[in-house]
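Visitor: Pasting in a structure now, in structure tokens, and then I'll have a few things to ask.
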Amino acid sequence: MRLSQRVISKLQRLAGKENVHTDEISLALNGYDCSQSRHRPDAEITLKKPSLLEPLICLLAEEKIPFIARAAATNHAGSCAAVKGGVVLNLNPLHQIYQIDTRNGFADVAPCAITAELQNALTPLGYFYAPDPASEKVSTLGGNLAQNASGARCLKYGNTSDNTLRAEFITPRGETHVLRHDACGPDWLGLVAGSEGTLGIIKNLRVKILPAAKHVKTFLATFPSLAASVQTVSDLVARGLIPRCVEAMDQITTRAVEDFSHAGYPKDAQALLIIELDGTLKQIKQEAQLLEELCRANGCDTFTAARTEAEREKLWRGRRAAYSAMAALAPNVAVGDGTVPRSELPKALSQVRQIIEQNGVMASLLFHAGDGNFHPQIVFDGRNAEQTRRVNKTLHEILKTCVGFGGTVSGEHGIGVEKRAVMACQYSRETLRLFQQIKRAFDPDNLANPSKIIPVHFEDKTLPAPENDVSVLAMAQKIKNRFNQKHSTTLVGTNTQLKSHAADILSAAELNRILEIDKTNYMAVVQAGVKTQDLLRELEKQGVYTFLPPSYTGSIGGLTACKAYPAFIRQITGVQAILPNGDIVNYGGKIMKNAAGYNLCRLFAGSAGALGMITKLTFKIYATPQTIENEAKPLFSFEPDSLFRAVKNEVDPLHLFRTAAFGEVNE
């Protein structure tokens, strides 16, 4: 679209004439990111005051002009490409660190505060910010949240969403909301994380900061094969050892990195692991001994420890230079971002290497081995149409392979425009329809970063829905019949305080099977009606643990739906639910990271059954007992805000799913 002079004049009056750019150079500079996508906007506005965001978005909404929030543009999926033209909102001047509060463990920052600059400000104070994407020297905290980028320390400390306490968020209509994980109702902050600016814009955020470990030790282990290095990581987790970081590289990556940065990597190694431990000296000594034993048991060639801080930094400088090292070999680098369950990594990587060889492309493999997230980096010349075609084909086949192994097409880089099509390989049409409804609820005019994430015409492209448990299918049919007859349904859990036996009451209590306790991937899969105390007994019997309060008498689904224990909500990696029309949707699974689509785990957690019936949960378990900090909260009620009402109207327009949580049920 082209902007009229009338609109440009309005934008200039609001943002300042000197900050509104429509010249060819400005449009070209804002027409690309780190992906292959090239789409010029119609204008770029440089935001120098955060107070201008709301009035600007209101003006753009009034004029029906698409807009894209742009920060460092380090993403690899075309997430900030102006596919529909419109206005790029350049937020880079908003880079302030407003406050660091070590007593209460947080930092308040503007959306484009640089990750490494926050780390540098925290270091003299004896604190650190856990997420550490390889691009930390240029990537922004708001951009990281928009992509839910994580980095090497994700295994132990969680992703960006887990380390964000609060965000001031502006919807595409110009409404401002303060989002927090612990607020009543759905976890909107968890839903916005990874939404790639398609639901609105992050104005500022509060992030968690932690006391820096007094002692850190970094190890380099080399292996005769990639499979041996990956098996070592599985063995570590199985023994209850959760390192600070576990990074892996194949030989192609190692050689390119060593030539580029001289990090001290042995170029003859087929694979290497960089493993970092933190904690007390005694703890590190014990864990280092176990670590070496496991590496030796898997045939490692060498096992060495960094002796000084300079040596440690040198090892990490090499890992952070992996992308730059490959970029030095050719004009273009395409970066993949698949994730599979840890146990599937050896087989998945073997198949990925076959795909790379069959398509005749040159690619390196590096990955966050601890969470199953790997990044093939394919070098090529984008001016060569045949090379580009083979690269795109290779990436598509690799991502389909990840899905085939129970994984996801994105662990942290997002979907953008470049991976939209492959989303139809991962999700059913019912789940993609729900994504579409969420987008429409937040952005009815499709103005915020349009044409991202959701495949075009997906109804005809998705694979058949996965097989479901007979009991779930029966429940879905019951709900579908109620929907067709326009009969309302009140969902209750086993711990309900609703004193009624009315015909409209429906419970997931009969979905009460513990489906799997997987001690290879350290995940459990249970139906929603399982009582938490029964689950805890079974976990203990199996010698594994999770974050669940022993005194809670309700079901695991009820605890999740009312968000009674936030520490457990953070462990959930997969959810299945039945929508008010009887559709079954699935999100996530036995994967540590998933940045493909909108996080339905966080949508249904706290929704009190008003948006759907949770039927199955997948969550992390641990080899050692976990500290339970406090008991579960009692059942709650909440006043629906405009976000909840908008999503409710999309997902359940007839308001057939009723709940006592906000006074819809009369006892």
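Visitor: Identify, from the list A77, A130, the residue that is assigned to a loop (DSSP other than H, G, I, E, B) and in contact with a strand residue (DSSP E or B) (Cβ under 8 Å, 6 or more places away or on another chain).
Guide: Numbers: A77 fails: in contact with a strand residue (DSSP E or B) (Cβ under 8 Å, 6 or more places away or on another chain).
Residue meeting the stated conditions: A130.
Visitor: Residue check, A348 against (1) part of a helix (DSSP H, G or I); (2) over 30 Å from the mean Cα position of the chain (by Cα), all met but one. Which one?
Guide: All conditions pass for A348, except number (2).
Visitor: A further question on this structure: How about the stretch 293-334: which of its residues are touching a residue at least 40 places away in the same chain (Cβ under 8 Å), under 15 Å from V233 (Cα atoms) and not in a loop (DSSP other than H, G, I, E, B)? Let's see the steps before the verdict.
Guide: Taking the stretch 293-334 and keeping what is touching a residue at least 40 places away in the same chain (Cβ under 8 Å), we get 294-295, 297-306, 311-312, 314-334.
Checking which are under 15 Å from V233 (Cα atoms) leaves us with 294-295, 297-300, 303.
Selection gives L294, C295, A297, F303.
Visitor: Hey, could you check the stretch 370-392 for residues that are among the small types (G, A, S) and surrounded by fewer than 24 Cβ atoms within 10 Å (Cβ to Cβ) and say which is nearest to L155 (Cα to Cα)?
Guide: Initial filter on the stretch 370-392 (among the small types (G, A, S)): 370, 372, 382, 385.
Now restrict to residues that are surrounded by fewer than 24 Cβ atoms within 10 Å (Cβ to Cβ): 382, 385.
Details: G382: 34, A385: 39 Å.
Going through the qualifying residues, I end up with G382.
Visitor: Inspect the stretch 239-248 for any residue being assigned by TED's automatic domain parsing to the domain that holds T222, touching a Cys at 6+ places or on another chain (Cβ under 9 Å), not basic (K, R) and not in a helix (DSSP H, G or I) and give the result as yes or no.
Guide: yes
Visitor: What number goes with the only condition from (1) over 28 Å from L656 (Cα atoms); (2) assigned to a helix (DSSP H, G or I); (3) β-branched (V, I, T) that I453 does not pass?
Guide: It is condition (2) that I453 fails.
Visitor: Continuing with this model, one more query. Considering (1) in contact with a strand residue (DSSP E or B) (Cβ under 6 Å, 6 or more places away or on another chain); (2) modelled with pLDDT under 95; (3) closer than 29 Å to D337 by Cα, say which one M592 fails and leave the rest.
Guide: That leaves (1) as the condition not met.
Visitor: Quick one: in the stretch 98-130, of everything that is of a type in the set (A, V, I, L, M, F, W, C) and without any contact (Cβ under 8 Å) to a residue 60 or more places away in the chain, which residue is surrounded by the fewest Cβ atoms within 10 Å (Cβ to Cβ)?
Guide: Within the stretch 98-130, the subset of a type in the set (A, V, I, L, M, F, W, C) is 100, 106-107, 109-110, 112-114, 116, 118, 121-122, 125, 128, 130.
Remaining after also requiring without any contact (Cβ under 8 Å) to a residue 60 or more places away in the chain: 112-114, 116, 121, 125.
Details: C112: 23, A113: 24, I114: 22, A116: 16, A121: 17, L125: 12.
So the residue we want is L125.
Visitor: Yes or no: the stretch 471-487 includes at least one residue that is closer than 19 Å to G606 by Cα and among the aliphatic types (A, V, I, L, M). Don't jump to the end; show me each part of the working.
Guide: Looking only at the stretch 471-487, we keep the residues that are closer than 19 Å to G606 by Cα, and these are none.
No.
Visitor: Scan L290, L236, L273 and give me the residue that is in contact with a strand residue (DSSP E or B) (Cβ under 6 Å, 6 or more places away or on another chain) and not assigned by TED's automatic domain parsing to the domain that holds P346.
Guide: Details: L290 fails: in contact with a strand residue (DSSP E or B) (Cβ under 6 Å, 6 or more places away or on another chain); L236 fails: in contact with a strand residue (DSSP E or B) (Cβ under 6 Å, 6 or more places away or on another chain).
After ruling out the rest, the residue left standing is L273.
One line per residue, one yes/no per condition, for (1) surrounded by 13 or more Cβ atoms within 10 Å (Cβ to Cβ); (2) of a type outside the set (F, W, Y); (3) modelled with pLDDT of 95 or more:
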site	(1), (2), (3)
L273	yes, yes, yes
L277	yes, yes, yes
T280	no, yes, no
E292	yes, yes, yes
A297	no, yes, yes
C300	yes, yes, yes
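Visitor: Something else now. Name the residue that is nearest to R255 (Cα to Cα), counting only residues in the stretch 343-368 that are touching a Gly at 6+ places or on another chain (Cβ under 9 Å) and among the small types (G, A, S).
Guide: Ranking the candidates gives A363 first.
Visitor: Step by step: first the residues of the stretch 520-536, then only those that are within 23 Å of I242 (Cα to Cα) and buried (at least 20 other Cβ atoms within 10 Å of the Cβ), then the one that is modelled with the highest pLDDT. Which residue is that? Explain how you work it out, then say what you get.
Guide: Taking the stretch 520-536 first, the residues within 23 Å of I242 (Cα to Cα) are 520-525, 536.
This time we only want the ones that are buried (at least 20 other Cβ atoms within 10 Å of the Cβ), so: 521-524.
On the way: N521: 90, Y522: 92, M523: 95, A524: 98.
Only one residue tops the list, namely A524.
Visitor: While we're looking at this one, here's another question. Might you check whether a residue that is under 15 Å from L205 (Cβ atoms) and without any contact (Cβ under 8 Å) to a residue 60 or more places away in the chain occurs anywhere in the stretch 67-89?
Guide: Residues of the stretch 67-89 that are under 15 Å from L205 (Cβ atoms), as a first pass: 69, 71.
Keeping just the survivors that are without any contact (Cβ under 8 Å) to a residue 60 or more places away in the chain gives none.
No - not one qualifying residue is present in the stretch 67-89.
Visitor: Could you check the stretch 398-425 and list, in sequence order, the residues that are touching a strand residue (DSSP E or B) at 6+ places or on another chain (Cβ under 6 Å) and part of a loop (DSSP other than H, G, I, E, B)?
Guide: The answer is G407, G411.
Visitor: Then there's this: Which of the numbered conditions does A110 fail, given that it passes all the others? Conditions: (1) among the small types (G, A, S); (2) at pLDDT 95 or above; (3) more than 29 Å from the chain's Cα centre (by Cα).
Guide: Unmet for A110, out of (1) among the small types (G, A, S); (2) at pLDDT 95 or above; (3) more than 29 Å from the chain's Cα centre (by Cα): (3).
Visitor: Please work out which one of (1) in contact with a Cys (Cβ under 9 Å, 6 or more places away or on another chain); (2) in a loop (DSSP other than H, G, I, E, B); (3) farther than 26 Å from Y323 by Cα; (4) among the small types (G, A, S) is the condition G190 fails and give its number.
Guide: (2)
Visitor: Sticking with this structure for a sec: Every residue in the stretch 178-195 that is more than 17 Å from P111 (Cα to Cα) and touching a His at 6+ places or on another chain (Cβ under 9 Å), please.
Guide: As a first pass, look at the stretch 178-195 and keep what is more than 17 Å from P111 (Cα to Cα): 181-188, 191.
Hits for the stretch 178-195 are D187, W188.
Visitor: Just the residues that are among the β-branched types (V, I, T) and farther than 19 Å from C34 by Cβ, please, taken from the stretch 74-125.
Guide: Scanning the stretch 74-125 gives V87, I97, I100, T102, V109, T123.
Visitor: List the residue pairs whose Cβ atoms are under 8 Å apart, where the first residue sits in the stretch 142-160 and is aromatic (F, W, Y), the second is not in a loop (DSSP other than H, G, I, E, B), and the two are 6 or more positions apart or on different chains.
Guide: Within 8 Å, the pairs are Y157/L210.
Visitor: Considering only the stretch 559-574, state which residues are over 12 Å from G606 (Cβ atoms) and among the small types (G, A, S).
Guide: A567, G574
Visitor: Please verify whether the stretch 197-204 includes one or more residues that are within 23 Å of I621 (Cα to Cα) and surrounded by 19 or more Cβ atoms within 10 Å (Cβ to Cβ).
Guide: Taking the stretch 197-204 first, the residues within 23 Å of I621 (Cα to Cα) are none.
No, the stretch 197-204 has no match at all.
Visitor: In addition: Which numbered condition trips up S229, out of (1) surrounded by fewer than 18 Cβ atoms within 10 Å (Cβ to Cβ); (2) touching a residue at least 12 places away in the same chain (Cβ under 8 Å); (3) of a type in the set (S, T, N, Q)?
Guide: All conditions are met except number (1).
Visitor: Can I ask one more? Can you pull out the residues in the stretch 440-492 that are touching a strand residue (DSSP E or B) at 6+ places or on another chain (Cβ under 9 Å), within 23 Å of K648 (Cβ to Cβ) and small (G, A, S)?
Guide: Scanning the stretch 440-492 gives A448, A476, S488.
Visitor: Separate question: Out of all the residues in the stretch 77-111, which are touching a Gly at 6+ places or on another chain (Cβ under 6 Å) and under 24 Å from I57 (Cα atoms)? Steps first, answer last, please.
Guide: First pass over the stretch 77-111, keeping only residues touching a Gly at 6+ places or on another chain (Cβ under 6 Å): 77-79, 111.
Within the stretch 77-111, G78, S79, P111 qualify.
Visitor: To continue, here is another question. Filter the stretch 197-221 for residues that are farther than 30 Å from N449 by Cβ, assigned to a strand (DSSP E or B) and touching a Phe, Trp or Tyr at 6+ places or on another chain (Cβ under 8 Å) and give the result.
Guide: Pass one, the stretch 197-221, residues farther than 30 Å from N449 by Cβ: 210-221.
Filter once more, so that each one left must be assigned to a strand (DSSP E or B): 210-211, 215-221.
Correct list: L210, P211, T218, F219, L220, A221.
The values are calculated or read from the model by the stated rules, or taken from the named source; none is laboratory data. This one's a predicted model, so the numbers in the text were calculated from it and none came from an experiment. Glycine also receives a Cβ, built like all others from the backbone with ideal geometry; neighbour counts cover every protein chain displayed.
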